[in-house]
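Have a look at the structure below before the remarks.
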Amino acid sequence: MLSREITVVNVVGLHARPATFFIQKANTYKSSVWIGKGDRQVNAKSLLGVLSMGIVKGTPITLVADGEDEREAIAGLEDLILNGLDNCE
């Protein structure tokens with residue numbers, strides 16, 4: 001199991017369209033993936049779960065992955081959050 005804390009940098013955070021792109025990317029990995037914020041943790045492959053977190057710009061989150069491609073999952077999702085979601089708004 002791997003985890004990494006990152007800060008969401010895109011303008012609207014993980015709402016609607018960016019969340020959809022994030023979930024689509026999370027679903028490409030075989031590993032289980034979660035997003036943590038504060039004391040809550042949700043399945044990163046669930047739109048309802050991700051949207052319920054209320055993740056806005058500047059929010060620190062923890063990505064957690066457990067499985068055969070956990071390293072790739074963490075790296076890919078971190079890259080998407082830090083570099084790819086501004087094009088989704």
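Search region 21-54 for residues being in a loop (DSSP other than H, G, I, E, B) and charged (D, E, K, R), and hand back the single one that is surrounded by the fewest Cβ atoms within 10 Å (Cβ to Cβ).
Asp39
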A careful count of residues in region 1-20 that are surrounded by fewer than 17 Cβ atoms within 10 Å (Cβ to Cβ) and of a type in the set (A, V, I, L, M, F, W, C) gives 6
Filtering region 1-39 for residues that are closer than 14 Å to Ala73 by Cα, under 11 Å from the mean Cα position of the chain (by Cα) and charged (D, E, K, R) leaves a count of 3
For region 68-86, pairs from a residue that is over 17 Å from Ala16 (Cα atoms) to a residue that is assigned to a helix (DSSP H, G or I), with Cβ under 8 Å and 6 or more apart or across chains, are Ala73/Ala26; Gly76/Lys25
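Evaluate region 79-89: report whether one residue or more is surrounded by fewer than 15 Cβ atoms within 10 Å (Cβ to Cβ), in contact with a strand residue (DSSP E or B) (Cβ under 9 Å, 6 or more places away or on another chain) and part of a strand (DSSP E or B).
The answer is no, given that none of the residues of region 79-89 is surrounded by fewer than 15 Cβ atoms within 10 Å (Cβ to Cβ), in contact with a strand residue (DSSP E or B) (Cβ under 9 Å, 6 or more places away or on another chain) and part of a strand (DSSP E or B).
Rule-based calculations on the coordinates, nothing more; no lab input. Because the structure is a prediction, the values reported are computed rather than measured. Every residue, glycine as well, gets a Cβ built from its backbone with ideal geometry; the counts of neighbours run over all protein chains shown.
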